[in-house]
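Scroll down for the structure; my scribbles are underneath it.
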Amino acid sequence: MAIAALTPDQLDDQASRLHDTRAWQQIVTGWEHTAVEPARPSDWRDLLSVPVQQLIDDTLRTLPAVSPRERRLPGRLGAVLPDRVHLWRRVGQSDLRPSTHLGYARQILAEWGWQNAPYRLRNVRGARCVCGALISAHRLGYGSLETVDRAGAWLITELRAQGWPGLIGPWNRHPGRTAADALALVDATIRRASLAGE
């Protein structure tokens, strides 16, 4: 089973290109706005004008993302081992929503640590940058490469909403950046992606 070697630099570039596409902008534009409040109906039958499928879709979109299945990360030794050692964990794993994949990446940052070296998958202690956490989550069996790209595009969308014009890597290594900042960014991105049904 051959898996393409994706680096944090490549992920950052791919996520940026996905974010800049017209299709992605249509996904993220206007999702937070609700329809105009309709006039109060005079008869209860007027409430049936909304199709049932639309009600179901709207309800599902407001539900929080499913919490990751309890599957523990490898311990501290697993954090420093090369990712190819963990490839067996991908066997039989189904794809995930980007928000769930981001949840696993957050778990990696919280348990294995965060580092801000430019475009380094991990440091000698096994700590990851934000892009490195996304890639490590994939290599541990959580989501496909497409899911990684979409999760990265959601991160860039959240960064744009916070006023950061650059990519994830430069944000990650910006002077004064902390692990708490990285976790807050991932948490905000999970909320944004979940509310959009992703």
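The values are calculated or read from the model by the stated rules, or taken from the named source; none is laboratory data. The structure presented is a predicted model; accordingly, all values stated were derived computationally and were not measured. Every residue, glycine among them, receives a Cβ derived from its backbone with ideal geometry; neighbour counts consider all protein chains shown. With ligands, DNA and RNA removed, areas are computed over all heavy atoms of the protein, side chains included. Shrake-Rupley method; radii C 1.70, N 1.55, O 1.52, S 1.80 Å.
Only protein heavy atoms count here; on that basis, with a 1.4 Å probe, GLU146 has an accessible area of about 120 Å². Accessible surface ranking for ARG125, ARG61, 1.4 angstrom probe, highest first: ARG125, ARG61. Each Lys and Arg contributes +1 and each Asp and Glu -1, all at the Cβ; summed about the Cα centre of the stretch 144-198, the dipole is approximately 160 debye.
One decimal place: the segment GLU146-ALA184 gains 11.3 nm when fully extended, by the rule 0.36 nm per residue minus the C-alpha distance.
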